[in-house]
Amino acid sequence: MKTVGVLALQGDFDAHRKAVERAGARAIEVRTAADLSQCDGLILPGGESTTILKLLEDEKLLEPLRNFGQEKPIYGTCAGAILLAREVTHPVQPSLSLMDIVVERNAYGRQIDSRIARVPVNGQDELEAVFIRAPIIRRVGGEVRVLARYHGDPVWVEQGRHMVTTFHPELTDDPRIHRHFVDKL
Ligand code: GLN
């Protein structure tokens, strides 16, 4: 059985652990480079990307994560998507730069910062997508495949072994997103 690490420094990592198990893989919490070395893939959960970034720096995990991403799949949810992006705006902040996407933080605005939406997926049933102070993916590179859009903006994309969603599938019962990731391992 494959092992998926869930970065457990801040954010909603416990819901991801359960979603990974529902998708048929083993889940472990990752807080150190030693934890990371046991994983076949990694999930960067939602939370506050600025805080997660600072904790990654404090724990000296940025370099190990970049190296991990050169070989193994990483899935970023919301704040995790911000961490994986090549470029982050609003405000500008550093990132792992493992996916060729440009994201704008908190892009849906303050008044309507959380919502549940029905999102069409090519050739499949709609997904129920929970957005919480979500970023918008403003640009995708030529190697990025868009798997779902909401109001025209990409909300689920993949590039080779990596993928991101700007919404939170760990908060619904739909196992498709985590299964798609587990299939990459
Ligand atoms: N607004 C957060 C950020 O910019 C992301 C929110 C989330 O992960 N649900 O980091």
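Observations
- Flag for residue 101 being within 15 Å of the ligand (Cβ to nearest atom), in a strand (DSSP E or B) and either among the basic types (Lys, Arg) or touching a residue at least 60 places away in the same chain (Cβ under 8 Å) (or both): yes
- Residues of the range 134-151 that turn out to be within 16 Å of residue 77 (Cβ to Cβ) and free of Cβ contacts under 8 Å to residues at least 40 places away in the same chain, as a count: 4
- Restricting attention to the range 1-47, the residues that are touching a Cys at 6+ places or on another chain (Cβ under 6 Å) and touching a residue at least 40 places away in the same chain (Cβ under 8 Å) total 1.
- Of all residues in the range 73-94, those satisfying the criterion of being part of a loop (DSSP other than H, G, I, E, B) and either away from the ligand (no atom under 11 Å from the Cβ) or under 22 Å from residue 15 (Cβ atoms) (or both) are 73, 78, 92, 94.
- Scanning the range 45-72 for residues that are in contact with a helix residue (DSSP H, G or I) (Cβ under 7 Å, 6 or more places away or on another chain), more than 16 Å from the ligand (Cβ to nearest atom) and not in a helix (DSSP H, G or I) yields a count of 1.
- Residue that is farthest from the ligand (Cβ to nearest atom), among those in the range 12-36 that are assigned to a loop (DSSP other than H, G, I, E, B) and either of a type in the set (Phe, Trp, Tyr) or within 27 Å of residue 93 (Cβ to Cβ) (or both): 32
- Test: residue in the range 132-149 that is touching a Cys at 6+ places or on another chain (Cβ under 8 Å) and under 22 Å from residue 23 (Cα atoms): no
- Strands (runs of 3 or more DSSP E) fully within the range 119-185 that include at least 3 residues being within 16 Å of the ligand (Cβ to nearest atom): 124-132, 136-140, 153-159, 162-165.
- Residue among 139, 105, 145 that is within 15 Å of residue 50 (Cα to Cα) and modelled with pLDDT of 95 or more: 105
The values are calculated or read from the model by the stated rules, or taken from the named source; none is laboratory data. Computed from a prediction, not measured in an experiment: that's the story for all the values here. Glycine gets a Cβ as well: all are built from the backbone with ideal geometry, and neighbour counts include every protein chain shown.
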